[in-house]
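Written below as structure tokens is the structure these notes are about.
The values are calculated or read from the model by the stated rules, or taken from the named source; none is laboratory data. Since the structure is predicted, the reported quantities are computational estimates derived from the model, not experimental observations. Cβ: placed from backbone, ideal geometry, glycine included. Neighbour counts: every protein chain shown.
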Amino acid sequence: MVGLRAVEKEDLVLLRDWRNIPQFRKHFREHKELSMANQEAWYSRTANNPNDFMFIIERLEDKVPLGACGLLYISWIIRSADYSFYIGHNEAYIDDQGYAEEATSLLIQYGFNNLNLNKIWMELYEFDKKKYDFFTSKFGFQKEALLRQNCFEDGRYYDSYIISLLKQDYVSK
């Protein structure tokens, strides 16, 4: 149904447009409107960084790009990575068609089985309930930390959560 492929320069316009969707942007640590110059600078940094693995999620039958995901800021000492993920196609964010679930399974398998990671983690804001519920209920991510008033959105402060999945929990599931 879906596959992961490396981000190419041709994807940058689409990635920028997805990242600039207001209801998406509020969930990202980089919350400002992105220009093509921002996107190109990000691509140059990420493409040449051995600690960042970014992918386009695409539908296999017709190669339509559906979203983006990645394992970033990898620490090769403690074998951990920050998980980045969204479905941009039709502004779904986390879809109900199974794309998010299949892409997440592929990336988690890649992280644990190919990169030999021990932990995959992410930071989510408390109002990002859809993503929090998705990762905790479907994949067993656990809340690891609470960062108080760590986000400012729409005139107020929100907490953020660090959630993670350990390889031992993934293997035993």
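Structure notes:
- Taking (1) in contact with a helix residue (DSSP H, G or I) (Cβ under 7 Å, 6 or more places away or on another chain); (2) farther than 21 Å from residue 52 by Cα; (3) modelled with pLDDT of 95 or more in turn, residue 117 satisfies each apart from (2).
- The residues listed here are 108, 74, 94, 87; of these, the one that is within 28 Å of residue 159 (Cα to Cα), touching a residue at least 60 places away in the same chain (Cβ under 8 Å) and crowded, with 19+ Cβ neighbours inside 10 Å is 108.
- Total residues in segment 122-152, condition in contact with a strand residue (DSSP E or B) (Cβ under 7 Å, 6 or more places away or on another chain), part of a strand (DSSP E or B) and not hydroxyl-bearing (Ser, Thr, Tyr): 13
- All of 42, 18 fail the test of being farther than 25 Å from residue 101 by Cα and surrounded by 17 or more Cβ atoms within 10 Å (Cβ to Cβ), apart from 42.
- Among the candidates 149, 142, 168, the residue that is under 22 Å from residue 118 (Cβ atoms) and exposed (fewer than 12 other Cβ atoms within 10 Å of the Cβ) is uniquely 168.
- Look at (1) in a loop (DSSP other than H, G, I, E, B); (2) of a type outside the set (Val, Ile, Thr); (3) modelled with pLDDT of 95 or more and you find that residue 157 fails only one, number (1).
- Contact map, segment 14-34: first residue within 18 Å of residue 55 (Cβ to Cβ), second residue assigned to a loop (DSSP other than H, G, I, E, B) and polar (S, T, N, Q), Cβ cut-off under 9 Å, separation 6 or more or different chains; pairs are 16/35.
- Restricting the first member to segment 48-61 and to residues that are farther than 15 Å from residue 100 by Cα, and the second to residues that are modelled with pLDDT of 95 or more and surrounded by fewer than 18 Cβ atoms within 10 Å (Cβ to Cβ), the beta-carbon pairs closer than 6 Å and six or more apart or on different chains are 52/72.
- Residue 100 buried (at least 19 other Cβ atoms within 10 Å of the Cβ), touching a residue at least 24 places away in the same chain (Cβ under 8 Å), small (Gly, Ala, Ser) and outside any strand (DSSP E or B): yes
- Per the conditions (1) of a type in the set (A, V, I, L, M, F, W, C); (2) within 25 Å of residue 121 (Cα to Cα); (3) surrounded by fewer than 15 Cβ atoms within 10 Å (Cβ to Cβ), the sole criterion not satisfied by residue 36 is (2).
- Some residue of segment 99-107 being of a type outside the set (Asp, Glu), under 13 Å from the mean Cα position of the chain (by Cα) and farther than 28 Å from residue 172 by Cβ: no
- Matching residues, segment 111-126, being in contact (Cβ under 8 Å) with a residue 60 or more places away in the chain and more than 13 Å from the chain's Cα centre (by Cα): 115, 125
- Residues in segment 1-45 that are at pLDDT 90 or above and of a type in the set (Lys, Arg): 5, 9, 16, 45.
- Filtering segment 92-112 to residues that are modelled with pLDDT under 95 and touching a Lys or Arg at 6+ places or on another chain (Cβ under 7 Å) leaves 93, 94.
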